[in-house]
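Trainee: My questions all concern the structure below.
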Number of protein chains: 2
Amino acid sequence: MRPNIVLFGDSITEQSFRSGGWGASLADTYSRKADVLVRGYGGYNTRWALFLLHHLFPLDSAKPPVAATIFFGANDAALLGRNSERQHVPVEEYKENLRKIVNHLKECSPTMLIVLITPPPIDEEGRMAYARATYSEKAMTLPERTNEMAGVYARGCVELAEELGLRSVSLWSKMQETDGWQKKYLRDGLHLTPEGNAVVFQELVRVFNEAWLSAAEMPYDFPHHSEIDGKNPEKAFQQKCL
Amino acid sequence: MRPNIVLFGDSITEQSFRSGGWGASLADTYSRKADVLVRGYGGYNTRWALFLLHHLFPLDSAKPPVAATIFFGANDAALLGRNSERQHVPVEEYKENLRKIVNHLKECSPTMLIVLITPPPIDEEGRMAYARATYSEKAMTLPERTNEMAGVYARGCVELAEELGLRSVSLWSKMQETDGWQKKYLRDGLHLTPEGNAVVFQELVRVFNEAWLSAAEMPYDFPHHSEIDGKNPEKAFQQKCL
């Protein structure tokens, strides 16, 4: 009976239950109200994500999610002719793939709250430092992602959300409002620090609250312990067992 | 199709998805392999937990959990005649309540991996300091929990696990093996610091590995991105879609 909130995305979603992660914070916020399920696939772009759709979100599910976040684009935006070109997806196809994902989720449940999240900004210097530390002499000499290109995909994502009447979080824009975002929010130029995770969490809570999915307004599944009469516990449970 | 691991317990379970929490760490470890669901009820003792059993673990479920942790006792062990006596449950009843919970879960699924976790040790000085900081002049003058009494319940929990042939984690014993456990593992004399959460996580991973539920040995649900041929992605998904 408890509703599910599904987090569908790439490595930034897959890693969201690490210490300080935005997925774990959501699970904590919705504790006793909804289950937060992680469906994060490191390295995946939207083209590959399409292969998972019917497995992760079967159309005949008796209990489709009440909400889903769709958080791709960091890999789609990898540049052609550079180290990660295998993951590259042209921006127009990226938008069409997102549209297919949204259409599938709407087919699963027309009332599902769908939130699109743009890729984060890229700290190119941080990406290069990470590559040197990881691959040493085999490291790339040119960045495989640029902040400018991530911005192109972020705008595509926000435009699609507007066209489809969906809510979105422009992480690319939001993070760059803060001085020093490069090191404050990104630990290797792309993946998130605990502070960066906190930005995603806060933005999602804001969007969920603006929609109808505010944790504070959802009932607890069972009585708070202070409502239980130690001498007559049955009473509280008779009154409040959702 | 993805298996569920359910964490059933009191506030130490409810808070396990906070930053550095043991529940979130489990969810991260089993990402792409199993869903970790939190069923933590702050303030609850085993007597009150019984009211939840049929709601949380319906006998006619098509998909009972593959594993469950049962982590109660910190509230049962609250002393009679002190501030938290409303939560007190005699140790013999605590053991019988745990037995009822285990029997119910076995009825849900005879193959479920059930792990009993004992209450943590109590830092009485830390509890008193917390009470003074929280309640000021209304604070208790005598501790409402003692480490000795928590140990009585911990032994009862371990004895029951042995009697039923179940695996258990004696958190009460394990934590006290480390010098300075009082402040290192407990933030208010009872609830866990990130280091204390790490102890629970490590002990559970050890126990899960000793049983058949090792995350490392469970297959990924879909291909790792490095297995996907950029020019022919279908191939990887045809071979490996669990």
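Read the figures in this text as sums done on the coordinates, not as results from a lab. Please read all numbers here as calculations on a predicted model, not as lab measurements. Cβ atoms come from the backbone with ideal geometry, glycine included; neighbour counts cover every protein chain shown.
Trainee: On average over all directions, what projected area in square nanometres does chain A have, based on the convex hull of its Cα atoms?
Mentor: The directionally averaged projection comes out at 15.0 nm².
Trainee: Would you list the membrane-span-like helices of chain B, meaning whole DSSP H runs whose alpha-carbon atoms span at least 18 Å along their axis and whose mean Kyte-Doolittle value is at least 0.0?
Mentor: Helix filter hits for chain B: B:147-164, B:194-210.
Trainee: Neighbouring Cβ atoms within 10 Å as the yardstick, rank B:Glu85, A:Glu92 fewest first.
Mentor: On the way: B:Glu85 12, A:Glu92 9.
Least to most surrounded, the residues fall as A:Glu92, B:Glu85.
Trainee: Another question, if that's okay. Given R₀ = 30 Å, FRET efficiency for B:Met218-B:Glu195 by Cβ-Cβ distance, to 0.05?
Mentor: Efficiency, from the Cβ-Cβ distance: 0.65.
Trainee: While we're looking at this one, here's another question. Calculate for chain A the 222 nm mean residue ellipticity that helices alone would give, adding -39,500 (n - 2.57) per DSSP H run of length 4 or more and normalising by residue count, nearest 500 deg cm²/dmol.
Mentor: Mean residue ellipticity at 222 nm (helix-derived): -12000 deg cm²/dmol.
Trainee: On a C-alpha basis, how far is the centre of the stretch B:141-155 from the centre of the stretch B:60-124 in Å? Whole number, if you could?
Mentor: 16
Trainee: If R₀ is 51 angstrom, what is the calculated FRET efficiency for the pair A:Glu85 and B:Asp188, using the beta carbon separation as r and rounding to 0.05?
Mentor: On the way: r = 52 Å, r/R0 = 1.02.
Calculated transfer efficiency: 0.45.
Trainee: Just to confirm the numbers: A:Glu85, label point 7 angstrom along the Cα-Cβ line, distances to the other copies in nm, shortest first?
Mentor: In nanometres, ordered from closest: 7.8.
Trainee: Now for a separate question. Can you give me the Cα centroid spacing of the stretch B:195-228 and the stretch A:172-242 in angstrom?
Mentor: The stretch B:195-228 and the stretch A:172-242 have Cα centres spaced 26 Å from each other.
Trainee: Taking a point 7 Å out from Cα toward Cβ as the label site, list the nm distances between B:Pro3 and the same residue in every other copy, smallest first.
Mentor: Label-point distances to the other copies, shortest first: 3.0 nm.
Trainee: Pull up the cross-link candidates among the aspartates and glutamates for A:Lys174, meaning alpha carbon to alpha carbon under 14 Å and not fewer than 8 places away within one chain.
Mentor: Result set, ordered by chain and number: A:Glu195, A:Glu203.
Trainee: Another question about this same structure. With the cut-off at 19 Å, tell me which of the pairs B:Lys33/B:Lys63; A:Lys33/A:Lys231; A:Lys235/B:Lys63; A:Lys63/A:Lys106; B:Lys33/B:Lys106 have Cα atoms farther apart than that. Write out the running numbers ahead of the final one.
Mentor: Values: B:Lys33/B:Lys63 15 Å; A:Lys33/A:Lys231 27 Å; A:Lys235/B:Lys63 30 Å; A:Lys63/A:Lys106 13 Å; B:Lys33/B:Lys106 23 Å.
In this structure, A:Lys33/A:Lys231; A:Lys235/B:Lys63; B:Lys33/B:Lys106 exceed 19 Å between Cα atoms.
Trainee: While we're here: Taking each residue of A:104-116 in turn, how many C-beta atoms of other protein chains fall within 10 Å of its C-beta, and what is the average?
Mentor: Other-chain Cβ atoms within 10 Å of each residue's Cβ, averaged: 0.
Trainee: Moving to a separate point now. Between B:Glu159 and B:Arg99, 0.36 nm times their residue separation minus their Cα-Cα distance comes to what?
Mentor: Full extension from B:Glu159 to B:Arg99 adds 20.5 nm.
Trainee: Then there is this: Rounded to whole angstrom, how close does the nearest chain B beta-carbon get to the axis mapping B onto A, and which residue is it?
Mentor: Taking the axis that maps B onto A, the answer comes out as B:Ala24, 2.
Trainee: Summarise the long-distance tail of P(r) for the stretch A:1-43 by giving the % of C-alpha pairs beyond 11 Å.
Mentor: 59
Trainee: So for B:Ile101, B:Ile12, fewest C-beta neighbours within 10 Å to most, what's the order?
Mentor: On the way: B:Ile101 22, B:Ile12 28.
Lowest count first: B:Ile101, B:Ile12.
Trainee: I'd like the mean, over residues of A:23-34, of how many other protein chain beta carbons sit within 10 Å of each residue's own Cβ.
Mentor: Shielding by partners across A:23-34 averages 5.
Trainee: Could you give the distance between the Cα centres of the stretch A:26-42 and the stretch A:1-16, to the whole Å?
Mentor: 6
Trainee: Could you check the spin-label model distance between A:Gln239 and A:Asn209? Points 7 Å from the Cα along Cα→Cβ, value in nm.
Mentor: Placing both labels 7 Å along Cα→Cβ, they lie 2.9 nm apart.
Trainee: Please report, in debye to the nearest 20, how large the charge dipole of the stretch B:24-117 is about its Cα centre when each Lys and Arg carries +1 at its beta carbon and each Asp and Glu carries -1 there.
Mentor: Approximately 140 debye in magnitude.
Trainee: Among B:Met175, A:Met149, B:Met1, A:Met218, what is the fewest-to-most ranking by other Cβ atoms within 10 Å? Could the numbers behind the result be given before it?
Mentor: Values: B:Met175 23, A:Met149 18, B:Met1 7, A:Met218 14.
Least to most surrounded, the residues fall as B:Met1, A:Met218, A:Met149, B:Met175.
Trainee: Across peptide A:223-235, how many C-beta atoms of other chains are within 10 Å of each residue C-beta, on average?
Mentor: For this peptide, the per-residue mean of nearby foreign Cβ atoms is 4.
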